[in-house]
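Let me begin by presenting the structure, written as structure tokens, before commenting on it.
The values are calculated or read from the model by the stated rules, or taken from the named source; none is laboratory data. Because the structure is predicted, anything quoted here is derived from the model rather than measured. Counting neighbours? That spans all protein chains shown, and the Cβs are built from the backbone with ideal geometry, glycine included. Just so you know, the surface numbers come from the protein's heavy atoms only, side chains and all, with ligands and any DNA or RNA stripped out. Shrake-Rupley method; radii C 1.70, N 1.55, O 1.52, S 1.80 Å.
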Amino acid sequence: MIGIVVSGHIHFASGMEAAVRAIAGEQEQMLFIDFVEGMSTQELEQSLRQAVKDVDSGDGVLILTDIPGGSPANRALEIMMDTPNVELIGGANLPMIANAAFERDDAELTELVDTLLDIGMSCMKDMRRELNSIMEQPTELECEDGL
């Protein structure tokens, strides 16, 4: 099973942990690392490295972070560059993280990355535009009358 490490600023990771637990239940080989105030980037990297080791069963590890270019993503990038079979997605959202729990059993690491990127992008919606699109569709009655 692919191991998952989620990290982000302040309580991003622990918030995602609570949400994933509610959606997918308790997860093995999935750890959540918050980058909290007062924590150095070196301490963050040490925590991330330990988490990667803890969740790795040999099938690879995917790290998901909140902001591409932020400290969690930058520290995870360092790990990805010097640790085999580790991948990183920056800018992760809840649909991606929750689906990682469901999709990781029967996937290769690179396939999981592609799947989660598709899910993450498809879940972002302009709700005003979505509502307007629904409101503009003809109703069944209008279609039957040919109006």
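Sequence-ordered 3J(HN,Hα) estimates for the stretch 121-132 from the Karplus curve with 6.51, -1.76 and 1.60 and θ = phi - 60° stand at 6, 6, 8, 8, 9, 7, 5, 5, 5, 4, 4, 4 Hz, glycine and proline given as x.
For the chain, the residue among Phe35, Leu88, Ser122 whose Cα projects farthest onto the positive side of the dipole built from Cβ charges is Phe35.
Relative to a virtual label point 7 Å from the Cα of Met81 in the Cα→beta-carbon direction, which members of the stretch 56-75 show backbone nitrogen distances below 12 Å? Within reach of a label on Met81: 74-75. With every protein chain in place and a 1.4 angstrom probe, the accessible-area ranking of Arg49, Arg21, largest first, reads Arg21, Arg49. I'd like the FRET efficiency for Glu136 and Ile10, computed as 1/(1 + (r/R0)^6) with the beta carbon distance as r and R0 of 41 Å, rounded to 0.05. E between Glu136 and Ile10, to the nearest 0.05, is 0.50. The value obtained for the chain, namely the Cα convex hull volume divided by the number of residues, is 139 Å³ per residue.
Working from label points 7 Å from Cα in the Cα-to-Cβ sense, the Thr41 to Glu28 distance is 3.6 nm. Note on the chain: GNM, Cα springs under 10 Å; of Ile134, Ile79, Ile23, the largest mean-square fluctuation is that of Ile134.
Just the protein heavy atoms count here, and of the accessible area of the chain at 1.4 Å, carbon and sulfur take up 51 percent.
Accessible area per residue for the stretch 56-147, computed on protein heavy atoms with a 1.4 Å probe, is 63 Å². With both labels modelled 7 Å from their Cα along Cα-to-Cβ, the Asn93 to Ala19 distance reads 0.9 nm.
Residues whose amide H lies under 5 Å from that of Gly91, counting only those 5 or more places away or on a different chain, are Thr65, Asp66, Ile67; hydrogens are built 1.01 Å from N in the peptide plane. What does the charge count near Met80 come to, summing +1 for each Lys or Arg and -1 for each Asp or Glu among other residues with Cβ under 12 Å from its Cβ? Summing Lys/Arg as +1 and Asp/Glu as -1 gives -2.
Quick one: net charge of Gln29's neighbours, Cβ under 12 Å, K/R +1, D/E -1? With Lys, Arg at +1 and Asp, Glu at -1, the neighbours total -4.
Working from label points 7 Å from Cα in the Cα-to-Cβ sense, the Ser57 to Met1 distance is 0.5 nm. Build a GNM of the chain with springs between Cα atoms under 10 Å apart, and of Glu28, Glu103, Glu136 the one that fluctuates most is Glu136. Would you mind classifying the stretch 71-127 by shape? Square roots of the alpha carbon gyration tensor eigenvalues, ordered a ≥ b ≥ c; an a/c under 1.5 is rounded, otherwise it is prolate if a/b is larger than b/c and oblate if not. It is oblate, given that a/c is not under 1.5 and a/b is not larger than b/c. Of the residues Val113, Val36, Val52, which exhibits the maximal mean-square fluctuation in a Gaussian network model of the chain defined by a 10 Å Cα contact cut-off? So, out of Val113, Val36, Val52, the one fluctuating most is Val36.
So, counting K/R as plus one and D/E as minus one, what does the shell of residues with Cβ under 9 Å around Val6 add up to? With Lys, Arg at +1 and Asp, Glu at -1, the neighbours total -2.
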